[in-house]
Amino acid sequence: MRIRRLLGLALATATLAGVTAVGAATAQAATYPAISAKQCTAQGGTINQGGPYRPPTCTFPDGRSEIIN
């Protein structure tokens, strides 16, 4: 009975560590680097000034947009 508990605890710990590692990798992959306004226009993008609660963004000809730093 004691061995079963230890194995269950080890399995739960390994599962939690795996889920945490996958979540961190996914979060890092989902972030996009911010570009400058000069880089935006050099790549053919248009600058959108944003609003009171939105940062300025660059909209590229293919439809994607990125935050301008």
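The H on the amide N of Ala34, modeled in the peptide plane, is under 5 Å from the matching H of no residue at least 5 residues off or on a different chain. The phi torsions of region 34-41, fed into the Karplus equation with coefficients 6.51, -1.76 and 1.60 and a -60° offset, translate into couplings of 7, 10, 8, 5, 5, 5, 4, 5 Hz, rounded to whole numbers, with Gly and Pro shown as x.
Backbone phi angles across region 10-15, fed through the Karplus curve with coefficients 6.51, -1.76 and 1.60 (θ = phi - 60°), yield HN-Hα couplings of 5, 5, 5, 5, 5, 5 Hz in residue order; Gly and Pro are listed as x.
With the highest mean first, a sort of the peptides 3-16, 47-60 on other beta-carbon atoms found within 10 angstrom per residue produces 47-60, 3-16. Note on Ala10 and Tyr53: their simple-model spin labels are 5.1 nm apart, each label 7 Å out from Cα toward Cβ.
Count the net charge of all other residues whose Cβ sits under 14 Å from the Cβ of Ala10, scoring Lys and Arg as +1 and Asp and Glu as -1. So the surrounding residues net to +3.
Here, each number is a calculation from the coordinates, and none is a lab measurement. Just so you know, these numbers come straight off a predicted model, no measurement behind them. For neighbour counting, all protein chains shown are included, and Cβ atoms are generated from backbone atoms with ideal geometry for every residue, glycine included.
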